[in-house]
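The values are calculated or read from the model by the stated rules, or taken from the named source; none is laboratory data. Worth saying up front: this structure is predicted, and the values here are computed from it rather than measured. Here Cβ is always computed from backbone atoms with ideal geometry, including for glycine, and neighbour counts include all displayed protein chains. What goes into the accessible areas is simple: the full protein's heavy atoms, side chains included, and nothing from ligands, DNA or RNA. Shrake-Rupley method; radii C 1.70, N 1.55, O 1.52, S 1.80 Å.
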Amino acid sequence: MSAYFKMEFFQFMSNKKNIAIYVILLFFSCYYALKIAPEYDPIEKVDVSEIEARYLTREKFLKRVVIDQWTHQYTRFAAGIYPEWNKYDKGRLDAIKQHKLNDYAEATFKWYMYSDEMIYRYGGETLFYNPRYYTYGNTYSWMDGHYAYLYSASRFEGYTEGKSNLSVNVFEERTALQTLQRLLQAYLPLILLVCCILFTVDIVMKDRRNPTLLQGLPFSDWGKLLVKGVVSLLGSILAIIPLSVGLLIIGARNGFGDLWLPVPIIKPGEKYFSNIMMWQYLMENMIFIMFWFLFIVSLLLLVSVILKNEFANLVVGCVFVVAEFMYYVRGIGAIRDVQWYPTSYVQVGQIISGYRNFLYVTDGLTFGTGLFIIGLCTCIFLFVTFLISRHRKFKLF
């Protein structure tokens, strides 16, 4: 069996298509690190000029305003809420100018909490979140701002409680590990799953070129399929290597961060964020992606023994990865049980952080439920494949 595994793995690594995939991943990883990552412009960032302009404008208003019986209600309202707001902005300005980053984190945490409390309670007509949440006709801008401010508040609170080395790059989530965190909540899971599909799509069909040689091996068809599945799984995991080159470049430029940085998440049934450590967040993502690799490999092995067509493998695999786009509508989780669809768990980073629940307006999309659904489907695929491969009339090639 080990000799057969070595043969399959050698064929896998010498396959021109697979080599091309690794090279493309390496190219895009370096391109992202050298071109896209430096242009990252977070909405919530350390902008001294913006903080100072906001502080001075309010301070000038507070010094000149006169409150009497003829004062407009909005003027009274502003005079009532601006002093505390300016206290936090003044604390942020002093801390960042004196390079007291822990004090800056504490003042910023309080600023976000107070800002969200005021805007969420009185917003819509008088107060607004950062203007960049209101671009491109975003009808959910108010909720997006609310989510982002609470996320930022939890993150900065975590900085004050942790022992990580703080910097402006950490505050703006530009370090290598924080960039990986952002990518896991964006399109990185899709890239990894598509690579897994491409690696597996021909793992069975390629042996049509020399079926006589392989049929003479003293292994059952089920054993051969298992070995092929393990090789595809291992090859998919190795895709992490070329992708990590870009993270090394980002780390050399912006710092690597550390595994104890806080990552805000919203747990089901809770209103506010809580923090987990970066190492826990990355570990849960790794476990989730591994389950997805097993799902894809077992699915394509089943399709290979039923349809015996590489194009069919590619279509079926891609349909499972992109199927969520066919039914995704923001808030649909309130009227449909999307938590029972395996395709709802493709965005693994957003599932773990709770952001997908926020978008779907549900509490059902959880890490545990996702592993159960994906794991159950994988077991079903493997069991059906086993039954088919053990049938007397079945021929692998």
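Could you do me a favour and compute the accessible area per residue for the chain, 1.4 Å probe, result in Å²?
Per residue, the chain has an accessible area of 50 Å².
Which of Ala95, Gly80, Met143 sits closest to the plus end of the dipole of region 48-173, meaning its Cα is farthest towards the positive end, when Lys and Arg get +1 and Asp and Glu get -1 on the C-beta?
It is Gly80.
What do you get for trypsin sites (Lys or Arg not before Pro) in region 4-48 restricted to DSSP loop and a cutoff of at most 14 other Cβ within 10 Å of the site's Cβ? Don't skip to the end; give the middle numbers.
Details: sites: Lys6, Lys16, Lys17, Lys35, Lys45; in loops: Lys45.
Passing sites in region 4-48 are Lys45.
Would you work out which of Tyr55, Ala105, Phe171 lies farthest towards the positive end of the dipole of the chain? Charges go on Cβ: Lys and Arg +1, Asp and Glu -1.
Phe171
Only sites in a loop by DSSP and with at most 15 other Cβ atoms within 10 Å count here; which chymotrypsin sites (Phe, Trp or Tyr not before Pro) in region 127-173 make the cut? If you can, show how the numbers build up before the last one.
Values: sites: Phe128, Tyr129, Tyr133, Tyr134, Tyr136, Tyr140, Trp142, Tyr147, Tyr149, Tyr151, Phe156, Tyr159, Phe171; in loops: Phe128, Tyr129, Tyr136, Tyr140.
Within region 127-173, the qualifying chymotrypsin sites (Phe, Trp or Tyr not before Pro) (loop, at most 15 other Cβ atoms within 10 Å) are Phe128, Tyr136, Tyr140.
By how many degrees, between 0 and 90 and to the nearest 10, does the Cα long axis of helix 240-254 differ from the longest principal axis of the chain?
The two axes meet at around 20 degrees.
Among Leu127, Leu376, Phe256, pick out the residue whose Cα is farthest towards the positive end of the charge dipole of the chain, where Lys and Arg carry +1 and Asp and Glu carry -1 on C-beta, about the Cα centre.
Going by the charge dipole, the pick is Leu376.
About its Cα centre, how strong a charge dipole does region 48-173 have in debye, to the nearest 20, once Lys and Arg get +1 and Asp and Glu get -1 at the Cβ?
380 debye
Within straight cross-link reach of Lys228, meaning Cα distance under 23 Å, which lysines are found once same-chain residues fewer than 8 apart are removed?
Lys6, Lys16, Lys17, Lys206, Lys308, Lys393, Lys395
Using the crude model of +1 on Lys and Arg Cβ and -1 on Asp and Glu Cβ, and no other charge, please compute the dipole size for the chain relative to its Cα centre, in debye to 20.
1220 debye
How much of the accessible area of the chain, probe 1.4 Å, is carbon plus sulfur, in whole percent?
64 percent
DSSP loop (so not H, G, I, E, B), at most 10 other Cβ within 10 Å: list which GluC sites (Glu not before Pro) in region 124-170 pass both filters.
Glu125
Using only the C-alpha atoms of the chain, find the volume of their convex hull and express it per residue in Å³.
Roughly 156 Å³ of hull volume per residue.
Note down the accessible area of Thr71, probe 1.4 Å, to the nearest 10 Å².
Its heavy atoms expose roughly 20 Å² to the probe.
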